[in-house]
Amino acid sequence: MFVLALAWLGLSAALAANESNGTPAAKAFLSQGEGAARAGKPAEAAAAFRKAIDADPDFVEAHQRFIESTQRAEMPASRTPTVPRLQELYTRWAREQPKRAVYQWALGFLSPEADKADAFFRAALEIDPAFARAHFLLAKNADQRGDWDAQRSHLKAAVESNPAEPRYLLRYALAHKRTDPARFKKLALTVVEKFPTSPSAAEALYHLADAAVNPERRSYFERLRAEYPADKFGYGASAMYDFYEEVTLPSEALSIAQEMAKALPDSKTWARRVALQQAMTRSAALVAERKFADALDLLGRTERPSGNHAATWALLKAEAAAGAGRAEQAYTSLVESVAAAADDRAETALVKYATMLNKSARDIDADIWRIRDANAVPAAPFELPADRGAASVKLSDYRGRVVLLAFWFPG
């Protein structure tokens, strides 16, 4: 009787066909496929992912990557690719093995319509209530519908069903980012603690930085910089783009730029930033040495940067000009900078140089708006259909008013 009970338990487990995170052999094939995908060889990638499926039919990640790579190989230009043979293949597999939840899930993944996809995901959960990837995509579709209670419920179920998958825990954390920041932070830090070498850990740190203010924000960027190199982690690279834009010292910006140029040698952006920050670092040193004319000459031959570094560039130029006895030039440099983009550092320095020239706050404001008005150009006219059958909307209807345009991706 005991032997029969064990046999029944084994049969029951086989019939359940639970979601798998991959056997060692299947993971090896998955790794081969990812390498081919990174090399821009989607057909080779699809072949490797198919081998991963053969090694472990319930390995849901292999199925997803097989579908994605096949679609990319056969319809590379389509945003919503439909490959009939994939539909036929998974329909046949689902018919031949009706107890395998992964095939119902795959049919949902292949469906471009959320409602139809959800029906397949629910069918997968009827076969295996703990099939986490079905919960995961039901959560995604609930999010797109604005049903955030359902989103969080499905993500919670995904985490409980497959706690070894970091992406589920990460998405569950992000679902709380705006509504419950403390819970988001706790869950995101758990991702980093439990899965420290995963891409999800880098993404969690990136979002933690996004939600934080300095000095905590900077600490997350520093950790990403130290532990998640840009050539291996996409969110490590994204973090360094943000970090670079925020630092104000040219020497620190130069250090980040040099690291990124080394990690991404084909990037023209980072090579250009290295050259820019080298010039600004050298200019700062020349100002410190009171070689103001040399600093002005170097900055004059340097392309004006964008963003936060534009203000740093203007401040250096103003300091060098003032040191060389050209207070008017210092003032003009900062007026142009503030007219282009507000910056507390530049505005404070602008008041200092305006005072040297006996200019009032009203004079400063007039000079700023003179430049803004001179650079202003009419917006391109447009007429767009309105929502729910209302009259179309024309830009000219709002002449003389501030207009904010927000274009939403259709969900």
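When only residues in region 173-183 that are in a helix (DSSP H, G or I) and over 17 Å from the mean Cα position of the chain (by Cα) count, which is nearest to GLY22 (Cα to Cα)? Break it down into steps so the answer makes sense when it comes.
At the first step, the residues of region 173-183 found to be in a helix (DSSP H, G or I) are 173-174, 181-183.
Subset that is over 17 Å from the mean Cα position of the chain (by Cα): 181-183.
Working: PRO181: 33, ALA182: 33, ARG183: 30 Å.
Once the filter is applied, the top-ranked residue is ARG183.
Of all the residues that make up region 47-68, how many are open to solvent by less than 50 Å² (accessible area, probe 1.4 Å), in a helix (DSSP H, G or I) and within 21 Å of ALA101 (Cα to Cα)?
13
Which condition from (1) open to solvent by less than 70 Å² (accessible area, probe 1.4 Å); (2) closer than 16 Å to PRO166 by Cβ is the one that ALA230 breaks?
(2)
Does region 389-400 include one or more residues that are closer than 26 Å to ALA341 by Cβ and surrounded by 10 or more Cβ atoms within 10 Å (Cβ to Cβ)?
yes
Assuming GLU252 fulfils every condition listed in (1) touching a Leu at 6+ places or on another chain (Cβ under 9 Å); (2) among the charged types (D, E, K, R); (3) within 19 Å of THR312 (Cα to Cα) apart from one, which condition is it?
The single condition GLU252 does not satisfy is (1).
Just for region 242-252: of the residues that are within 21 Å of the chain's Cα centre (by Cα) and part of a helix (DSSP H, G or I), which one is farthest from LEU286 (Cα to Cα)? Show your work before the answer.
If we filter region 242-252 for residues that are within 21 Å of the chain's Cα centre (by Cα), which is where we start, we get 242-247.
Those left that are additionally part of a helix (DSSP H, G or I): 242-246.
Working: ASP242: 28, PHE243: 26, TYR244: 23, GLU245: 23, GLU246: 23 Å.
In this case the residue turns out to be ASP242.
Go through region 151-169 residue by residue and tally those that are part of a helix (DSSP H, G or I) and closer than 11 Å to PHE136 by Cα. Quick ask: steps written out before the conclusion?
Taking region 151-169 first, the residues part of a helix (DSSP H, G or I) are 151-161, 166-169.
Checking which are closer than 11 Å to PHE136 by Cα leaves us with 151-159, 161, 167-169.
Within region 151-169, residues that are part of a helix (DSSP H, G or I) and closer than 11 Å to PHE136 by Cα number 13.
Return the only residue of GLN144, GLN97 being more than 23 Å from GLY22 (Cβ to Cβ) and either open to solvent by 30 Å² or more (accessible area, probe 1.4 Å) or touching a residue at least 12 places away in the same chain (Cβ under 8 Å) (or both).
GLN144
Just checking, does region 303-316 include any residue being crowded, with 18+ Cβ neighbours inside 10 Å and part of a loop (DSSP other than H, G, I, E, B)?
Taking region 303-316 first, the residues crowded, with 18+ Cβ neighbours inside 10 Å are 305, 309, 311-316.
Now drop any that are not part of a loop (DSSP other than H, G, I, E, B), which leaves 305.
There is at least one residue in region 303-316 that is crowded, with 18+ Cβ neighbours inside 10 Å and part of a loop (DSSP other than H, G, I, E, B).
Could you check region 112-129 and list, in sequence order, the residues that are surrounded by fewer than 18 Cβ atoms within 10 Å (Cβ to Cβ), at pLDDT 95 or above and of a type outside the set (Asp, Glu)?
LYS116, ALA119, ARG122, PRO129
Tell me, please, whether a residue that is within 21 Å of VAL60 (Cβ to Cβ), out of contact with any helix residue (DSSP H, G or I) (no Cβ under 6 Å at 6 or more places or on another chain) and open to solvent by less than 80 Å² (accessible area, probe 1.4 Å) can be found in region 203-221.
Quick first cut of region 203-221, residues within 21 Å of VAL60 (Cβ to Cβ) only: 203.
Now narrow it down to the ones that are out of contact with any helix residue (DSSP H, G or I) (no Cβ under 6 Å at 6 or more places or on another chain): none.
No, that holds for no residue.
The values are calculated or read from the model by the stated rules, or taken from the named source; none is laboratory data. Just so it is clear, the structure is predicted and the values come from calculations on it, not from any experiment. Note that each Cβ is placed from the backbone with ideal geometry, even for glycine, and that neighbours are counted across all protein chains shown. Only protein heavy atoms, including side chains, enter the accessible area calculation; ligands, DNA and RNA are left aside. Shrake-Rupley method; radii C 1.70, N 1.55, O 1.52, S 1.80 Å.
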